[in-house]
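Contents: one structure, followed by commentary.
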Amino acid sequence: MRRILLLAALAATLWLAWVHETRFPLRGLDDPPLTLVVPSGASIDSVARQLAALRLVRHPFVFRIHVLARGDGGRLRAGEYLIEGPASLDDISDMLVRGDVVRHDVTFPEGRSLDDMAAIAGEHGLDAKAFLAAAREPKAIHDLDAAATDLEGYLFPDTYDVPKSGDPAGESRRLVGRMVERFRAVAVPEVARLTSRGLSLREAVTLASIVELETAQPDERPRIAAVFLNRLKLGMPLQTDPTVIYALRKTGTYDGNIRKKDLSLDSPYNTYKHGGLPPGPIASPGRDALKAVAEPAEARDLYFVSRNDGTHEFNETLTLHEKAVDRYQRHRVSSRGEKG
């Protein structure tokens, strides 16, 4: 009987110790936050060692037994976790099973190219090379644009919350997929309107990308779209600087300025040298620019010039346009002829 009592007392003691170990946190309320990163494919033992190193458990063995006893051996999810305040092993295990990973907001402004977007992704801890590689694979958009050679123009600019999974390359590829789906959600319902003026979807997105880069004023975009559509209808060259900049960037020679010689650059993207639209989008247009192409202003304008305050003056004739250029651009040497 005495032996039974001793065993019972020992069992009770172990049970209380186990309850205390798993349900009572080692951290205090005012302890600083800790970051736990669980790589994809990490074993229970490797997670347990991290927890012990962070002093979230007294011994790795305790966490291993705890997880197996709960039946969570194959349910722990990879990712970056933020441990704040008191956290027991039960709390930590629940967090790992739910996958309550840290999520980072990544914002891609309108009018950015694939290279720009990859750089932004890299600045937020993602894999820029993996992002760019995924963005250069056009299959995701081929049902809408069979001519696409990459996803330029089709990664919708927006703010995305990206869960940190411990796999930056995988996160980057998944983010590209989400950006394409976001483009579909915004643009596909507007395809009929975007293409109502005889443009293909690719041409409409290309024009929207130019409109996006020509002005930061939302109320000007429909009028700028009208200028370019009017020019296309009359067979006039678009002569738009953003296409030249894109061409220079593709050759790696853009230094922030456009010179007279650059207007003669032999690139299909140079709309001073080649008529019509460039071969494809030069950036990712936002909703307003896409809408401007779908609903351009009812205007006969063929020209516009910057007022140097972020807005533009629009004109129907070259004579009026040249006067506006002289008025607003006196400090420049006029060597480009028409500006649009």
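Read the figures in this text as sums done on the coordinates, not as results from a lab. Quick caveat, the model's predicted, so the values are computed rather than measured. A quick note on method: Cβ atoms are made from the backbone with ideal geometry, for glycine too, and the neighbour counts reach across all protein chains shown.
Charged neighbours of Pro218, selected by a Cβ distance under 14 Å, balance to -3 (K, R count +1; D, E count -1).
Please report the net charge: other residues with Cβ closer than 10 Å to the Cβ of Asp94, K and R +1, D and E -1. Result for the neighbourhood of Asp94: -2.
Straight distance only, please: which lysines reach the Cα of Lys323 with their own Cα at less than 20 Å, same-chain residues fewer than 8 apart left out? Correct list for Lys323: Lys339.
Where the only charges are on Cβ atoms (+1 Lys, Arg; -1 Asp, Glu), what is the dipole of the chain about its Cα centre, to the nearest 20 debye?
On the way: 46 positive and 47 negative charges, 125 e Å.
That gives a dipole near 600 debye.
Here His59, His274 are placed in order of increasing Cβ neighbour count within 10 Å, fewest first, which gives His59, His274. Summed over qualifying helices (DSSP H, 4 residues or more, each -39500 (n - 2.57)) and divided by its residue number, the chain shows a 222 nm mean residue ellipticity of -14000 deg cm²/dmol.
Counting Lys and Arg as +1 and Asp and Glu as -1 over every other residue whose Cβ lies under 13 Å from the Cβ of Asp31, the net charge comes to 0. Note on the range 196-328: dipole from Cβ charges, positive end direction compared against Tyr272, Ser209, Leu229; the farthest Cα belongs to Tyr272. Excluding the site residues themselves, the longest part of the chain lacking any GluC sites (Glu not before Pro) in a DSSP loop with at most 14 other Cβ atoms within 10 Å is 85-297.
From the Cα gyration tensor of the range 285-327, with a ≥ b ≥ c the square roots of its eigenvalues, which class applies: rounded if a/c is under 1.5, or else prolate if a/b is larger than b/c, or else oblate? The shape class here is oblate. Each Cα pair under 8 Å and six or more residues apart adds its sequence gap; the mean of these over the residue count of the range 103-189 is a relative contact order of 37 percent.
Of the DSSP H helices in the chain, those with a Cα length along their own long axis of 18 Å or more and a mean Kyte-Doolittle hydropathy reaching 0.0 comprise 2-23, 201-214, 221-234. Going through [x] 24.0; [y] 27.6; [z] 20.8, the figure that equals Kirkwood radius over Cα pairs in Å as computed for the structure here is [x]. For the range 270-312, trypsin sites (Lys or Arg not before Pro) meeting the loop criterion (DSSP other than H, G, I, E, B) and having at most 14 other Cβ atoms within 10 Å: Arg300, Arg307.
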